[in-house]
């Protein structure tokens, strides 16, 4: 580890970066090297894949074009939510047993995160409790159906459906008519989590290189990553770039749409006022396509976020726009100042299913968590590592899922998804009138 050069890429100016427990700096690659496994991307997927492989004795290198946790892993809403989204089409294509196995992965993903936090004693403000809230009858029925389905499939934590008269015991806003509480989900400080995991990885012998951009992949029995100045030869490569895959692989880029999501952090509230707003200190998310999500930090700041656009471009005036959205939910916060405002991209897939598989026999990938990645990334890391070690064939099952590739890459997917976003905005609006 070393001190950072002033010309290098730093974290976005977020509340998380300002309150990081440790300032970890890793060197840039200074020579061409060889390794068993090279992982591109130092977010949750990349770092946890490295931990899993290092535990099994593999020599692992992780490269990152910016900083550990620089992307979505270090700037997201901090909501630790159970579940993979999967479609009826997947069940029809792969069968009931395969669909159940994928569902089980999502249901157990949050347990992987809590186990990792306990294993390495990572201080990241982990808190149990999450409620998803409905704004209209259609969304209420969706929550009722989800509870029934998850109970049928054997979810290992309690789910509690609450009617309108009880929602305010958890979220003190008149906007919601129902809610579904998940005791297996919760919230945390995501940057502190990924930094703690990076420290654990290096303690296990993983070499991490920051400020090292992968420019090109040379495929073959021994694959090669070309960085700006040097090369890395590896028996296996893992691409864990998610929304920031860019030109490194055009096929993977066409399978996702980078969607911008933004967050504001208010000034700290006194504890009594914070508890009046969210009496049980839970993370909250609504069911709109253009959704709102929010929670309190450990120092009682309201962290209020929302999906923004599908162009991949960070909007201006984040603080002003999200403040308006926050006040629609909690008008009494009109006297509270905004201290931080930031955004970033998440990778959204058409069917909302995370994409895991192989590009070649020794080049693996995982991406497309669709804004729901804190827990699924950790499960993906288990699947990829086990695919490399050949201890588990789940990556072969997931690799059979057909994923739509949008033609034209970013030049088509951005405008197409912007139109799609407008369509879903109309759906949200008309649903609210029912």
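Kindly indicate whether any position in region 9-28 is assigned by TED's automatic domain parsing to the domain that holds residue 227 and without any contact (Cβ under 8 Å) to a residue 60 or more places away in the chain.
yes
Checking residue 367 against (1) exposed (fewer than 14 other Cβ atoms within 10 Å of the Cβ); (2) in contact with a helix residue (DSSP H, G or I) (Cβ under 9 Å, 6 or more places away or on another chain); (3) modelled with pLDDT of 90 or more, which single condition isn't satisfied?
Residue 367 satisfies all of (1) exposed (fewer than 14 other Cβ atoms within 10 Å of the Cβ); (2) in contact with a helix residue (DSSP H, G or I) (Cβ under 9 Å, 6 or more places away or on another chain); (3) modelled with pLDDT of 90 or more except (1).
Of the residues 406, 398, 359, only one is outside any helix (DSSP H, G or I) and either crowded, with 22+ Cβ neighbours inside 10 Å or at pLDDT 95 or above (or both); which?
Details: 406 fails: either crowded, with 22+ Cβ neighbours inside 10 Å or at pLDDT 95 or above (or both); 398 fails: outside any helix (DSSP H, G or I).
Step by step, each of 406, 398, 359 is checked, and only 359 is outside any helix (DSSP H, G or I) and either crowded, with 22+ Cβ neighbours inside 10 Å or at pLDDT 95 or above (or both).
Looking only at region 370-382, count every residue that is surrounded by fewer than 24 Cβ atoms within 10 Å (Cβ to Cβ) and either part of a loop (DSSP other than H, G, I, E, B) or in contact with a strand residue (DSSP E or B) (Cβ under 9 Å, 6 or more places away or on another chain) (or both) and tell me the total. Break it down into steps so the answer makes sense when it comes.
Kept after step one, since they are surrounded by fewer than 24 Cβ atoms within 10 Å (Cβ to Cβ), are these residues of region 370-382: 370-372, 382.
Applying the additional criterion that residues be either part of a loop (DSSP other than H, G, I, E, B) or in contact with a strand residue (DSSP E or B) (Cβ under 9 Å, 6 or more places away or on another chain) (or both) yields 370-372.
Summing the residues that are surrounded by fewer than 24 Cβ atoms within 10 Å (Cβ to Cβ) and either part of a loop (DSSP other than H, G, I, E, B) or in contact with a strand residue (DSSP E or B) (Cβ under 9 Å, 6 or more places away or on another chain) (or both) in region 370-382 gives 3.
Would you be able to say whether some residue in region 18-41 is in a helix (DSSP H, G or I) and over 27 Å from residue 388 (Cβ atoms)?
Yes, region 18-41 has at least one match.
Listed residues 205, 220; which is surrounded by fewer than 23 Cβ atoms within 10 Å (Cβ to Cβ), within 24 Å of residue 28 (Cβ to Cβ) and either over 21 Å from the mean Cα position of the chain (by Cα) or not assigned by TED's automatic domain parsing to the domain that holds residue 28 (or both)?
On the way: 220 fails: within 24 Å of residue 28 (Cβ to Cβ).
After ruling out the rest, the residue left standing is 205.
Tell me which residues, restricted to region 288-298, are in a loop (DSSP other than H, G, I, E, B) and in contact (Cβ under 8 Å) with a residue 60 or more places away in the chain.
Step one: filter region 288-298 for residues in a loop (DSSP other than H, G, I, E, B), giving 288-291, 297-298.
Passing the criteria: 288, 289, 290, 297, 298.
Would you pick out the residues in region 340-356 that are closer than 19 Å to residue 40 by Cβ and either more than 19 Å from the chain's Cα centre (by Cα) or not in a loop (DSSP other than H, G, I, E, B) (or both)? Outline the logic, then answer.
First, pick out the residues of region 340-356 that are closer than 19 Å to residue 40 by Cβ: 344-347, 354-356.
Within region 340-356, 344, 345, 346, 347, 355, 356 meet the criteria.
Which one of the conditions (1) within 21 Å of residue 378 (Cβ to Cβ); (2) buried (at least 20 other Cβ atoms within 10 Å of the Cβ); (3) within 21 Å of the chain's Cα centre (by Cα) does residue 20 fail to meet, given that it meets all the rest?
The one condition residue 20 does not meet is (2).
Specify which of the listed residues (267, 272) is within 25 Å of residue 178 (Cα to Cα) and modelled with pLDDT of 95 or more.
On the way: 267 fails: within 25 Å of residue 178 (Cα to Cα).
The unique qualifying residue is 272.
All but one of (1) loosely packed, with under 14 Cβ neighbours inside 10 Å; (2) out of contact with any strand residue (DSSP E or B) (no Cβ under 8 Å at 6 or more places or on another chain); (3) farther than 30 Å from residue 252 by Cβ hold for residue 229; state the number of the condition that does not hold.
So the condition that residue 229 fails would be (3).
For region 252-280, name all the residues that are surrounded by 19 or more Cβ atoms within 10 Å (Cβ to Cβ) and under 15 Å from residue 133 (Cα atoms).
277, 278 - these are the residues of region 252-280 that are surrounded by 19 or more Cβ atoms within 10 Å (Cβ to Cβ) and under 15 Å from residue 133 (Cα atoms).
Please tell me if residue 322 is touching a strand residue (DSSP E or B) at 6+ places or on another chain (Cβ under 8 Å), in a helix (DSSP H, G or I), buried (at least 20 other Cβ atoms within 10 Å of the Cβ) and outside the structural domain of residue 36 (by TED's automatic domain parsing). Outline the logic, then answer.
On the way: touching a strand residue (DSSP E or B) at 6+ places or on another chain (Cβ under 8 Å): yes; in a helix (DSSP H, G or I): yes; buried (at least 20 other Cβ atoms within 10 Å of the Cβ): yes; outside the structural domain of residue 36 (by TED's automatic domain parsing): yes.
Spelling it out, residue 322 is indeed touching a strand residue (DSSP E or B) at 6+ places or on another chain (Cβ under 8 Å), in a helix (DSSP H, G or I), buried (at least 20 other Cβ atoms within 10 Å of the Cβ) and outside the structural domain of residue 36 (by TED's automatic domain parsing).
With respect to residue 68, is the statement that it is crowded, with 24+ Cβ neighbours inside 10 Å and part of a helix (DSSP H, G or I) true? Explain how you work it out, then say what you get.
Values: crowded, with 24+ Cβ neighbours inside 10 Å: yes; part of a helix (DSSP H, G or I): no.
Taking the combined requirement at face value, the residue does not satisfy it.
The values are calculated or read from the model by the stated rules, or taken from the named source; none is laboratory data. All figures in this text were calculated on a predicted structure; none of them were measured in a lab. So basically every Cβ, Gly included, is an ideal-geometry build from the backbone, and we count neighbours across all protein chains shown.
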